[in-house]
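Notes follow once the structure below has been shown.
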Amino acid sequence: MPTHSPSSLYFFSFIFLASTGGRFSSVLFPSLSQSLSDPLMLSAFFIAPNLTSAIITPVIVQFYSSSSPAAKPFHFFFHISVSFLCFGAAFLPDCSSIGTQILLRSIGAVGTSFIITITDSLTVKYTQIHAGSYGKHRLYGAVSWAISSIALGYLVDVTGNFEVFLPIAAFSGIFTGYLGHKLVSDIEASDVIDYQEVFDDANAALGPHGSINTDYDSNVTADVSQGSQTSNPLKALGVLASTPLDIAFVLSVLCLSLGTSLVESLSFAYFTSVLSAGSTLNGFTVAVTVMFEIPLFHYADTIMGKLGYTNAQVLAMLAYSTRVYCYTVVPKAWMVLLLEPLHGVTYALSKSASVEHVSRTADGDVGQSVMNTIRGNVGPIMGLILAGVVGEYFSQQTLYRSFGLGVGLVVVLYKCLLCLSGAGSGERESEAEAAKERRRKRHEIVDGNAHDVDSVELVERGSSSIDNAF
């Protein structure tokens, strides 16, 4: 059984994400301020890392999934190291040009994208072995994201430089690599041990009546452990969007991520240039956001069960549209703190809904990678291109209003489609919960419950002789 929880991995990985730029990326290097004052150049500064991640991350995740169990744990250390080295190199005088900065950010982004994708996938697997909840583990990332943002913002205001990020990034990176290594090792070992015990216990129960046909053992094990996984990103995308309603959901994720790219990448630049906010206030905006993410992640399973993940996505989009539009009407910088709870609603509900959709359709590392690529790369690329074009010809206020109203229009259309189709009533949710429960029971065998209903089902698939034995 896995002995290391994903909670601690999320905690340290989000410290690493915050301390290697995070929301501060748009103001991280004062030497680039003149270059990044151009909206198109600022957008390109973020587009290149997203584009690189969108192309490369699914490939390396596919490679990771096909790696041997012994090799998988070392992927965490490798990608954390690459990300940190790229971030550290960006502070060197010889790497101060805008082109070099974009190159380093693009390489580092692949590593961080891999870490988040695999952490999400491992957490889903962990909750299938234990009767846990994805959100209750993910909330620890929200907590560390808030703490880090406040601390980093304050340190920048006090010291006047961003080099204070480096020791924090190194410290958190070491722990992220170690905890990721341990969690992967535990889950890989658990997959092997769980199903081996199924057949060992079943053969012992058969006694003189015979034994399981071992020719089927590997097939049964692979089928149970992989579920609906696929190692091909294009096939995984086809599974994620296999019905009209699934396509609509994926498009809603794409649209929302297009909109949130404005907040995730450029909001601190907006707060600083338009509202004259300082780094400490910028850090506190993240803390206020997280105050509402924590309870929503904690009760994510309950929310998904009551509302359905499609309706949760609708609420996430409404919260985004309201918040971004209101950014343009607040007269004082501190007033954005009153709006930041809505970002917590947007992020927690949309992230939980996306993970839930993947776990019900294309469960696995590659499925999570494809969804994270849509959420974290494809949508932001489109959003940042649009932001650069609109920002070139119109004011920042017009840019934010157009994004808020655009997402608001899409969510109205999406909700109308759900109502017309009768979706979101909870039928698919109930069916998926039953499937999730069956998967969880299969893993309970390692606790000594070798003869529950699911165990018998597995054994029957291995050999028809079990019918006579029981």
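The table for this structure:
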{"quantity": "For peptides 14-24, 134-144, sequence by mean Cβ density within 10 Å, most packed first", "calculated": "14-24, 134-144"}
{"quantity": "Whole-percent carbon and sulfur share, accessible surface of segment 107-186, 1.4 Å", "calculated": "70 percent"}
{"quantity": "Residue-normalised accessible area of segment 274-351, given per residue in Å² at a 1.4 Å probe", "calculated": "37 Å²"}
{"quantity": "Surface share of carbon and sulfur [accessible, 1.4 angstrom probe, percent] for segment 239-299", "calculated": "75 percent"}
{"quantity": "Cα centroid of segment 248-323 to Cα centroid of segment 344-395, whole Å", "calculated": "11 Å"}
{"quantity": "Extension gain (nm, one decimal) between Leu92 and His130, 0.36 nm per residue minus Cα-Cα", "calculated": "9.1 nm"}
{"quantity": "Burial ranking of peptide ranges 157-163, 312-318 (average Cβ count within 10 Å, highest at the top)", "calculated": "312-318, 157-163"}
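The values are calculated or read from the model by the stated rules, or taken from the named source; none is laboratory data. Quick caveat, the model's predicted, so the values are computed rather than measured. When we count neighbours, we look across all protein chains shown, and the Cβ atoms used for this are built from the backbone with ideal geometry, even at glycine. We work out accessible area using only protein heavy atoms, side chains counted, and drop any ligands, DNA or RNA first. Shrake-Rupley method; radii C 1.70, N 1.55, O 1.52, S 1.80 Å.
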